[in-house]
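Asks: What follows is a single structure, and I will ask about it in a moment.
The values are calculated or read from the model by the stated rules, or taken from the named source; none is laboratory data. Here the structure is a predicted model, which means the values were calculated and not measured. Neighbour counts are summed over all protein chains in view; Cβ atoms, including those assigned to glycine, are modelled from backbone coordinates with ideal geometry. The area values use the complete protein model at the heavy-atom level, side chains included, leaving out ligands, DNA and RNA. Shrake-Rupley method; radii C 1.70, N 1.55, O 1.52, S 1.80 Å.
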Amino acid sequence: MKKYECTVCGYIYDPAIGDPDHGIKPGTAFENIPNDWVCPDCGVGKSDFKVLN
Amino acid sequence: MRKIKNDVYWVGYIDWDLRNFHGYDTPHGSTYNAYLILDEKPTLIDSVKHYGADEMIRRIKQVIDPSKIQYIISNHTEMDHSGSIDVLLKHCPNAQVVCSPKGEEGLSRHFKKNWNFKVVNTGDTLDIGKRKLTFMLMPMVHWPDSMATYSAEDKILFPNDAFGQHYASTERFADEIGVGLAYDEAAKYYANIVLPFGSQVLKALEGASKMDFDMICPSHGMIWRGKEQITGLVQRYVKWANYESDAQVCITYDSMWHSTEAMAKRFYEVIDMAGIPVKLMNLQTSHMSDVVTDVLKSKVVLFGTSMLNNRMLPTVGALMMYLKGLKPKNRFALSFGSYGWSMVGFKELETSIQDAGFELLGEGKYIRFIPDQDELAKLDSILPLIQAKLAAK
């Protein structure tokens, strides 16, 4: 599973960690996060994320 | 104008009138600091709010003809630091605006002008003559565009809002007003502006640890100088960014008919008698921005409200909304209050406390109408819960 980076603030979504504080369990692929999820650091939506190479 | 190092001048604007910075109570006013470096290519680092432009330009003219300025570095888009760039460019027609990629987006959205930006990233340098300035992006400390400028030759870090304080003074250095006062104001600034961004602050501090500087020139308030002062400041930032707090308690509340107040005072008495540092902050007299400063320092916070139309009082509601954004972590809280018939607002308060990131110490303490002596005595049962949390690391 790929990591994704927020292009606004630089937050990195790591599927191994998920975002448990906001209901995203460890092991959740970025593609499977609900569409209303927002960056926990700056609040932008999934469309502002890109794959981290 | 004030010379702060050889060929480096403070040329900012002192906002003696400021009493409210978007809701942050600023009883001492503030400053917007701009710094002028004289070199082959004279460079201005940061600028001021739009209404401070004339004062800044007056100070620049004490040092140099503004038309000689080659670079205007905008470390942060927010208008208290960039709002005068359009006026400045009229006086400095030869200057290029230097900013981060997000800074270019933000400044373009604010000014609707396609200035000839020089966009820089972490590690990029700008040759201004004898000096080579280095840039470090600091996303979310405290906006996506935020960055720091470092002058190795001067041993100065210009971190913009980081390490700032809202404090207007005739003095420019922290030691000139008293370092303790400057640290207190830096704490208030951190609590109100930087608190949500602990992990990003730690990243920025790691980057800064590779730089050699003996002066920190923030964009608000006093300048920090000397190893001891800077070490003390950085230690505080590390502590706050790791969401560590002190073994103390803050009780904050609002009350309609003194019943919630009586409960707050009972808590205050029993905690104080146990020798624990505790503060009582009535939201009718303590400003929200001071309350969150004490939340920064306190491991345990007690939130009290009366029920008004089945809801928490608006002062408490506003505080909870503010804290939801500031996201304090690693802290414990309890709700309490007096009610007449419905308790639904207390559920909302408990939810708000958890939404703001606190862990509940236990069940809330609620008393119908006026508490009697037995009911007040029962409130003392929260003491061991608090002591256990304060004793734990």
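Asks: Anything in region B:328-359 that is within 30 Å of the chain's Cα centre (by Cα), open to solvent by 40 Å² or more (accessible area, probe 1.4 Å) and either acidic (Asp, Glu) or closer than 22 Å to residue B:265 by Cβ (or both)? List them, or say none.
Replies: Answer for region B:328-359, where residues must be within 30 Å of the chain's Cα centre (by Cα), open to solvent by 40 Å² or more (accessible area, probe 1.4 Å) and either acidic (Asp, Glu) or closer than 22 Å to residue B:265 by Cβ (or both): B:348, B:355, B:359.
Asks: I've got another one for you. With respect to the numbered conditions (1) touching a helix residue (DSSP H, G or I) at 6+ places or on another chain (Cβ under 6 Å); (2) under 20 Å from residue B:97 (Cβ atoms); (3) surrounded by fewer than 23 Cβ atoms within 10 Å (Cβ to Cβ), which one is the sole condition not fulfilled by residue B:219?
Replies: (3)
Asks: Within chain A, restricting attention to residues that are loosely packed, with under 12 Cβ neighbours inside 10 Å and at positive phi, which residue is nearest to the other protein chains (Cβ to nearest Cβ)?
Replies: A:23
Asks: Test each condition in (1) open to solvent by less than 40 Å² (accessible area, probe 1.4 Å); (2) within 14 Å of chain A (Cβ to nearest Cβ); (3) in a loop (DSSP other than H, G, I, E, B) for residue B:129 and report the one that comes out false.
Replies: Exception for residue B:129: condition (2).
Asks: Quick test for you: out of B:89, B:107, B:44, pick the one residue that is within 19 Å of residue B:154 (Cα to Cα) and either away from every other protein chain (no Cβ under 14 Å) or assigned to a helix (DSSP H, G or I) (or both). Spell out the reasoning first.
Replies: Details: B:89 fails: within 19 Å of residue B:154 (Cα to Cα); B:107 fails: within 19 Å of residue B:154 (Cα to Cα).
When all the criteria are applied, what remains is B:44.
Asks: Any idea which residue in region B:135-180 is nearest to the other protein chains (Cβ to nearest Cβ), counting only those that are in a strand (DSSP E or B) and either open to solvent by 10 Å² or more (accessible area, probe 1.4 Å) or among the aromatic types (Phe, Trp, Tyr) (or both)? Quick ask: steps written out before the conclusion?
Replies: Applying the first criterion (in a strand (DSSP E or B)) to region B:135-180 yields B:135-137, B:147-151, B:156-160, B:173.
Restricting the remaining residues to those that are either open to solvent by 10 Å² or more (accessible area, probe 1.4 Å) or among the aromatic types (Phe, Trp, Tyr) (or both) gives B:135-137, B:150, B:158, B:173.
Details: B:135: 15, B:136: 12, B:137: 8, B:150: 19, B:158: 20, B:173: 33 Å.
Only one residue tops the list, namely B:137.
Asks: Name every residue in region B:21-41 that is open to solvent by 10 Å² or more (accessible area, probe 1.4 Å) and in contact (Cβ under 8 Å) with a residue 40 or more places away in the chain, in order of residue number.
Replies: Within region B:21-41, the first condition is being open to solvent by 10 Å² or more (accessible area, probe 1.4 Å), and the residues that meet it are B:21-23, B:25, B:27-28, B:38-41.
Hits for region B:21-41 are B:21, B:23, B:25, B:28, B:39, B:40, B:41.
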